[in-house]
Amino acid sequence: MSKAVILLSGGLDSTTVLAIAKSKGFKCYALSFDYGQKQLSELVSAKTIAKNFGVIEHRIMRVCLDDIGGSALTDPTLEVPKFDESNEIPITYVPARNTIFLSFALAWAEVLDSQSIFIGVNALDYSGYPDCRPEYIEAYETMANLATKQSVEGDKIQIHTPLINLTKAEIINQGRALGVDYSMTTTCYQANDKSEACGICDACVLRRNGFEQAGVSDPTYYQ
């Protein structure tokens with residue numbers, strides 16, 4: 001059984017990715033981040049999910065992206081906006097977040113002698129973030145295979161993105177087929193201390209629409 005590092009936010013997508021990696025027989029190591037986000041309920045969910053799936057190890061790393069700011073998710077002076085169907089990149093975009101997260105995953109994978117990293121990026125039902133696109137993942141994988149000792153010595157790194165071309169409904173149906181309990185997950189950008197979702201941010205609307213399109217009851221607790 002090969003080892004894999006799974007980026008686990010505690011949300012719907014990353015939990016589905018963990019289930020997929022587990023179903024493929026990987027020994028799963030989950031990596032979450034306390035990156036200065038204004039709500040930490042997703043990390044509570046990540047702990048529950050990691051335990052439920054029986055990962056080999058779950059680490060929560062502290063990265064001070066709130067010191068940089070520039071995002072409504074980390075800057076207390078910026079409000080999380082309501083869902084907006086415009087083509088502009090929303091203020092909930094966290095500068096370089098996936099690049100930073102993947103770099104930590106890459107470092108841990110090398111220590112673990114793992115050549116597989118799983119991330120739940122999606123290029124269809126998402127908010128238009130540039131670091132969720134296939135060309136970005138391809139470029140990062142190329143960089144990773146130039147930058148690490150194990151890849152230079154012949155053990156190439158692969159960035160797995162099993163959800164990248166799926167709709168939210170397709171993701172939900174695939175997860176349910178693998179036995180995912182989505183009531184454990186937190187997707188909202190501004191969930192309260194009870195993990196109750198706001199119901200109006202991009203993440204909430206995309207999630208709720210996904211359950212509706214999948215014809216599945218939404219287990220989310222809303223404020």
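The values are calculated or read from the model by the stated rules, or taken from the named source; none is laboratory data. The shown structure was predicted, so the numbers you read here are calculated from the model rather than taken from an experiment. Quick reminder, even Gly has a Cβ in these numbers, built from the backbone with ideal geometry, and neighbours come from all protein chains shown.
For every residue, the table says whether it meets (1) at positive phi; (2) in a loop (DSSP other than H, G, I, E, B).
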site: Leu31; (1), (2): no, no
site: Thr48; (1), (2): no, no
site: Asn52; (1), (2): no, no
site: Val55; (1), (2): no, yes
site: Arg59; (1), (2): no, no
site: Gly70; (1), (2): yes, yes
site: Glu85; (1), (2): no, yes
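I'd like the full set of residues that are within 20 Å of Leu12 (Cα to Cα) and in a helix (DSSP H, G or I), limited to segment 100-123.
Phe101, Leu102, Ala105 - these are the residues of segment 100-123 that are within 20 Å of Leu12 (Cα to Cα) and in a helix (DSSP H, G or I).
Taking the options Asp125, Asp113, Asp193, name whichever one is under 23 Å from Cys64 (Cα atoms), of a type in the set (D, E, K, R) and either more than 19 Å from the chain's Cα centre (by Cα) or at pLDDT below 95 (or both).
Every option except Asp193 fails the conditions.
Table: residues versus (1) hydroxyl-bearing (Ser, Thr, Tyr); (2) out of contact with any strand residue (DSSP E or B) (no Cβ under 7 Å at 6 or more places or on another chain); (3) over 17 Å from Ala19 (Cα atoms); (4) surrounded by 21 or more Cβ atoms within 10 Å (Cβ to Cβ).
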| site | (1), (2), (3), (4) |
| --- | --- |
| Ser127 | yes, yes, yes, no |
| Pro134 | no, yes, yes, no |
| Ile171 | no, yes, no, yes |
| Gln174 | no, yes, no, no |
| Thr220 | yes, no, yes, yes |
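Can you tell me how many residues in segment 78-117 are surrounded by fewer than 17 Cβ atoms within 10 Å (Cβ to Cβ), under 25 Å from Glu57 (Cβ atoms) and among the polar types (S, T, N, Q)?
2
Consider Ala144 carefully, then state whether it is of a type outside the set (Asp, Glu), surrounded by 14 or more Cβ atoms within 10 Å (Cβ to Cβ), under 25 Å from Pro95 (Cβ atoms) and within 17 Å of the chain's Cα centre (by Cα).
no
So how many residues does segment 1-29 have that are part of a loop (DSSP other than H, G, I, E, B) and surrounded by fewer than 17 Cβ atoms within 10 Å (Cβ to Cβ)?
4
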